[in-house]
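S.K.: Here it is: the structure, laid out below.
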Amino acid sequence: LPLPTPEVIFLLDCSGSMNGEPIAKAKDAVKRALRKLEPDDTFQVVQFSMSSSKFGRDPVAATPDNVRRALAYVDDLRGEGGTMMIEGIKAALDFPHDPRRFRLVTFLTDGYIGNEIEILGEIHQRLGSARIFSFGVGSSVNRYLLDRMAKLGKGAVAYLGPGDSGAQVVDQFYDSISHPALTDVHIDWGDLDVTDVYPRRIPDLFVGRPIVVTGRFKGQKGTAIRIAGRVGEYEKKIRIPVKFDNRATHPGIACVWARKRIEDLATQSTYNASSNLPAEIKQTALEYGLMSAYTAFIAVDSTQITQGDHGVTVAVPVPVPEGVRYDTTVQD
């Protein structure tokens, strides 16, 4: 079956914290991905630090000449300045989208960013039909941000550490995301009364990356669910019979569902100002005995008592992650 033609947008973090080994690995990843593009694909390269700039005004065809020019553009990029990821997001997601193409937006960053909520809110508002793929580079990546970006964007995430083989990680990542096996996935639950299904936006199905869906249900034995989606340009429906386990319930599954519910509510709070969301997160966490932004487990050690009747402030040195330069990361 014919597959949708990709429109690939590379968004590369060129802030000061990326200087050194992280930006070198990120640039190698982009260059390796550029060389894997097919002539019918289109692409764009956007870099951001204090502001954003891009390779061209619009996505261009992946001709040999355009790829060579893009490789030279990436080679000249340097890590310096602060991190204004919002500007990069606007530049990457605001391109007019060709509806005949499958748009893939890949963020390459260490994620040393403090305004995660603002970033996720912008992605929610501007995403459209694009898919977001996060590529974390470095030894101390902001995994919270990159995982949330990929889930919100119905995409996937991968990480490239200092000791990892860039060629192997990049090849596996882009080979799996460049041609999805099933897009626009929809589940018909049949006779089951299903509620509170997570993730709310079911991601696309890629080779080697299974989709895990959790939810609550009531229903009859022997029912079947139907999964619909698109394979290339065609709609495909498959029927999956479901056998129910009649044995005792599994308490661990309920906790998995509760964690996914807390995660979903936390993501909603980035773009929804509803005052009920914190209360819902707290109630779910308390009911299932889980940690969250509003609950915690506290351990009190009564075997030792410190001297004096007041607290003492102790300066604790914080080491810089391996492969990151101190002078471009730590502020005085």
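S.K.: In the set L160, L192, which member is over 30 Å from L146 (Cα atoms) and modelled with pLDDT of 70 or more?
M.R.: L192
S.K.: Further, regarding this structure: Are any residues in the stretch 80-120 crowded, with 23+ Cβ neighbours inside 10 Å, at pLDDT below 80 and part of a loop (DSSP other than H, G, I, E, B), and if so, which ones?
M.R.: T83, G111
S.K.: Which one is modelled with the lowest pLDDT among residues in the stretch 274-332 that are part of a loop (DSSP other than H, G, I, E, B) and of a type in the set (D, E, K, R)?
M.R.: Step one: list which residues in the stretch 274-332 are part of a loop (DSSP other than H, G, I, E, B), which gives 274-275, 289-291, 293-294, 296-323, 325-332.
Those still in the list that are of a type in the set (D, E, K, R) too: 301, 309, 322, 325, 327, 332.
On the way: D301: 71, D309: 76, E322: 72, R325: 68, D327: 69, D332: 57.
Among them, the one singled out is D332.
S.K.: List every residue pair whose Cβ atoms lie under 9 Å apart, where the two residues are 6 or more positions apart in sequence or sit on different chains, the first residue falls within the stretch 192-203 and is touching a residue at least 40 places away in the same chain (Cβ under 8 Å) and at positive phi, and the second residue, located anywhere, is among the hydroxyl-bearing types (S, T, Y) and in a strand (DSSP E or B).
M.R.: D196/T214
S.K.: Filter the stretch 140-156 for residues that are open to solvent by 30 Å² or more (accessible area, probe 1.4 Å) and touching a residue at least 60 places away in the same chain (Cβ under 8 Å) and give the result.
M.R.: S140, R148, K151
S.K.: Mind checking which residues of the stretch 63-83 are without any contact (Cβ under 8 Å) to a residue 40 or more places away in the chain and not acidic (D, E)?
M.R.: Looking only at the stretch 63-83, we keep the residues that are without any contact (Cβ under 8 Å) to a residue 40 or more places away in the chain, and these are 63-70, 72-73, 76.
Of everything in the stretch 63-83, those that are without any contact (Cβ under 8 Å) to a residue 40 or more places away in the chain and not acidic (D, E) turn out to be T63, P64, N66, V67, R68, R69, A70, A72, Y73.
S.K.: Check whether at least one residue in the stretch 214-236 is at pLDDT 75 or above, closer than 27 Å to D147 by Cβ and not in a strand (DSSP E or B), and report yes or no.
M.R.: For the stretch 214-236, residues at pLDDT 75 or above, closer than 27 Å to D147 by Cβ and not in a strand (DSSP E or B): absent.
S.K.: Still on this structure, please answer the following. Counting just the residues of the stretch 39-49 that are under 22 Å from the mean Cα position of the chain (by Cα) and of a type outside the set (S, T, Y), which one comes out nearest to F102 (Cα to Cα)?
M.R.: My answer is F43.
The values are calculated or read from the model by the stated rules, or taken from the named source; none is laboratory data. What you are looking at is a predicted structure, and each value in this text was computed from that prediction instead of being measured. All Cβ positions, glycine included, derive from the backbone under ideal geometry; neighbour counts span all protein chains shown. Each accessible area value is taken on the protein alone, full model and side chains, heavy atoms only, with ligands, DNA and RNA left out. Shrake-Rupley method; radii C 1.70, N 1.55, O 1.52, S 1.80 Å.
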